[in-house]
Amino acid sequence: MKRFHTLLAVLAIAAAVNAQIGQPYIHDPSTIAECDGKYYTFGTGGGGLISDDGWSWHSGADRPGGGAAPDVMKLGDRYLCIYGATGGGLGGGHNGRILTMWNKTLDPKSPDFRWTTAVEVCSSDGMEDQDAIDPCLFLDPTTGRLWATYGTYFGTIRIIELDPATGFRVKGNVEKDIAIDCEATDLIFRDGWYYLLGTHGTCCDGVNSTYNIVVGRSRNVEGPYLDNVGRDMFHGGGRMVIAAGDRVCGPGHFGRTIIDEGVELMSCHYEADLDQGGRSVLGIRPLLWRNGWPVAGERFKEGTYAILSERRGYSLELAVDFVRMQQERRGWWGANTDEPVKPIPDQRLEDVNGTWPEGDIAVRCGDYMFRPHQHWTVTAVPEAGGYLGGPYYKLTIAGTDRALTATAALELTTATFSGTDEQLWRIEQLTDGTFRLLPKRIPGHAELNTRYVLYTPADSTPTLAAWDFTSDNAKWNFLPYCAQ
C-alpha cells in the first residue's frame, strides 16, 4: 500500500496453472527468508506469511511498527528488517521515514523472538521530490558493504549505505538519486553486474492495476543503471522483467531467492489474482537469465508432454518394443494431385499397450516419434505438499496410471501410481529455461531429496545422479503434445 493514485494445450486433461495455495494474501512482500526450515515474507501493515514447505502459505509472521513495504535479510546469525514507517501518500503525505530493527529469529513462537527498538536511517520532508518508503536491502557479495534503496513515483529512487554490523546509516554517507518513474526497488548482483529492479505502473486498483517490474544494470552499485537499449533509469528507462498474464495482474516488489546453482526464483505480489477473487497475493516464479538480463519464467502447467533431454533431444520413454504404424506406401513421383488427402491418425494407446509386459517397466531415452510410450501426463498432487516454487507432481504415461518411479539404487522404473514419495517429482525451471526433475525422496533415505536429479550419462540411459548445472545431462525440456 504505497501510493493511492488511480491508480500446451493439454490434451488428455485440461491445462491448469498452479498458484500458491493456502491463504497467500499479502501486499508489498519482502524477499522470502528462511528460518529454521520455514519460509517467511513480511508485508504492508505489520504482518506477513509463513510456509512450512514454501508452497502452502498462511498468516502468522509478526513484525511491529506497521507502515509499509518491509524487506528482511539474514546477516550472520540475526535478521535485519527495514521498512517505511509513513509516506507513500499515507497519513503525513510524503513525509516518510525508513527504519531498521533486528531479531534473532523470525519464528514468533520461539523464546528468542524479540525485535530490537527500530532506528531511523533516512527520511523525506514531504517538500522535496522524494518519498522515503519502499526500502530494500542489498549486501554486496564483492565488498561486504550493505546498501538500501528506497523511494516511489513521487520523486526519485535513492541509495544509501548501512553498517552491516548495526543496521545504522554509515556516518557521513550521502544519499544518491539513481532512478525515477518506479518504486519498490530491489538490488541484486550477478556476473559482475549490479541490477536495479523497480516496479513501474499503477498500484492499489485491483484488477485495473498496471504494475510491472523493470530492470537496468550497472558495473557500479551506485549506478548509472541502463536498460537493454541504453536508457538510464534516472531518465525513465527499464527493461521488462514481468507483466500481467495467466489471470494475474500488477506484479510488484521483486525479490530473488537462489535455490541451487542454476536454480533461482523471483517473488512478488500480484495486485489481483482473478482466480482468487481479485485479491492481492504472493507470487513465486522461476527466474531466468537471457543474454545477461533477468526475466520471469512461466508458471508450470499441468498437461501431457514429451520430456526431451537437453543432452541430445531424445525422449524419455518406456523401454518397450517399437510398434510400427501401418501406411499405404506411395511413390512421391507421379502422384495424383487430384486425389483427396487422407490424414493418418496418431498411434493410439490401445494399438500398442497389449504388447507391453506386465508389472514394472524400465525407462530409456530414444528418438521422439510422438508415440504413446513417449507421452507423460504431468499432474499436481496437492495432498503431497510442495517446495519453494511449486507442488509435487506425478508423471504417468498418458492414459495410464503407470508412473515414473525412483529406486533405492538411484535408477528409474515405472509402476502403478500409489502416491509414495519416490513417485512424486519436483519440477524446477532453470536459469537457462530448461528444467530439472527430482524425486521427492529416494527409497531408504529419510530426508527429502534435494541432490539427485533425472540424468542421462549416455544418450539412451536415464538414471539419477547428483545435480550439476554445468552438464546438459541433468537438463530436460517439456514439449506439449496434442493428440490427433
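The values are calculated or read from the model by the stated rules, or taken from the named source; none is laboratory data. Computed from a predicted model, the values in this text were never measured in an experiment. Note that each Cβ is placed from the backbone with ideal geometry, even for glycine, and that neighbours are counted across all protein chains shown.
Figures for the structure shown
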{"quantity": "Region 447-462, subset under 13 Å from L412 (Cα atoms) and in contact with a Pro (Cβ under 8 Å, 6 or more places away or on another chain), residue surrounded by the fewest Cβ atoms within 10 Å (Cβ to Cβ)", "calculated": "Y452"}
{"quantity": "Selected residue [of a type outside the set (S, T, Y) and either out of contact with any Gly (no Cβ under 6 Å at 6 or more places or on another chain) or assigned to a strand (DSSP E or B) (or both)] from D186, D181", "calculated": "D186"}
{"quantity": "Any hit, region 116-136, residues being touching a Leu at 6+ places or on another chain (Cβ under 8 Å), at pLDDT 95 or above and under 19 Å from N220 (Cα atoms)", "calculated": "yes"}
{"quantity": "Sole exception among (1) at pLDDT 95 or above; (2) closer than 27 Å to A403 by Cβ for E298, by number", "calculated": "(1)"}
{"quantity": "Residue check, E383 outside any strand (DSSP E or B) and out of contact with any helix residue (DSSP H, G or I) (no Cβ under 7 Å at 6 or more places or on another chain)", "calculated": "yes"}
{"quantity": "Filter result for E428 (of a type in the set (D, E, K, R) and in a strand (DSSP E or B))", "calculated": "yes"}
{"quantity": "Output for region 160-174, where each listed residue is assigned to a loop (DSSP other than H, G, I, E, B) and either of a type in the set (A, V, I, L, M, F, W, C) or surrounded by fewer than 18 Cβ atoms within 10 Å (Cβ to Cβ) (or both)", "calculated": "D163, A165, T166, F168, V170, K171, G172, N173, V174"}
{"quantity": "Filter result for the condition that a residue is over 14 Å from the mean Cα position of the chain (by Cα) and farther than 14 Å from Y195 by Cα, over D273, D260, D227, D232", "calculated": "D273"}
{"quantity": "Filter pass, L316 being within 24 Å of S267 (Cα to Cα) and either assigned to a strand (DSSP E or B) or not hydroxyl-bearing (S, T, Y) (or both)", "calculated": "no"}
{"quantity": "Qualifying residue in region 252-266 (condition: over 29 Å from T377 (Cα atoms), at pLDDT 95 or above and among the charged types (D, E, K, R))", "calculated": "yes"}
{"quantity": "Some residue of region 436-457 being outside any loop (DSSP other than H, G, I, E, B), of a type in the set (A, V, I, L, M) and more than 30 Å from R348 (Cα to Cα)", "calculated": "yes"}
{"quantity": "Residue in region 444-467 that is in the same structural domain as E317 (by TED's automatic domain parsing), more than 21 Å from T407 (Cβ to Cβ) and hydrophobic (A, V, I, L, M, F, W, C) present", "calculated": "no"}
{"quantity": "Hey, T400 polar (S, T, N, Q), outside the structural domain of H58 (by TED's automatic domain parsing) and either assigned to a strand (DSSP E or B) or surrounded by 20 or more Cβ atoms within 10 Å (Cβ to Cβ) (or both) or not", "calculated": "no"}
{"quantity": "Top-ranked residue of region 281-311 - restricted to ones that are more than 10 Å from the chain's Cα centre (by Cα) and within 28 Å of V229 (Cα to Cα), ranked as surrounded by the most Cβ atoms within 10 Å (Cβ to Cβ)", "calculated": "P294"}
{"quantity": "Cross-chain or 6+ apart pairs with Cβ under 9 Å, region 417-439 first and over 20 Å from G313 (Cβ atoms), then in a helix (DSSP H, G or I) and not small (G, A, S)", "calculated": "F417/Q423; G419/E383; P439/D421; P439/E422; P439/Q423"}
{"quantity": "Single unsatisfied condition, M325 versus (1) aliphatic (A, V, I, L, M); (2) out of contact with any strand residue (DSSP E or B) (no Cβ under 9 Å at 6 or more places or on another chain); (3) closer than 30 Å to T202 by Cβ", "calculated": "(3)"}
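So that you can scan it fast, the table gives a plain yes or no per residue for (1) closer than 27 Å to K475 by Cα; (2) surrounded by 24 or more Cβ atoms within 10 Å (Cβ to Cβ); (3) at pLDDT 95 or above; (4) of a type in the set (A, V, I, L, M):
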position: R190; (1), (2), (3), (4): yes, no, yes, no
position: W193; (1), (2), (3), (4): yes, no, yes, no
position: D227; (1), (2), (3), (4): no, no, yes, no
position: M240; (1), (2), (3), (4): yes, no, yes, yes
position: D246; (1), (2), (3), (4): yes, no, no, no
position: G250; (1), (2), (3), (4): no, yes, yes, no
position: C268; (1), (2), (3), (4): yes, yes, yes, no
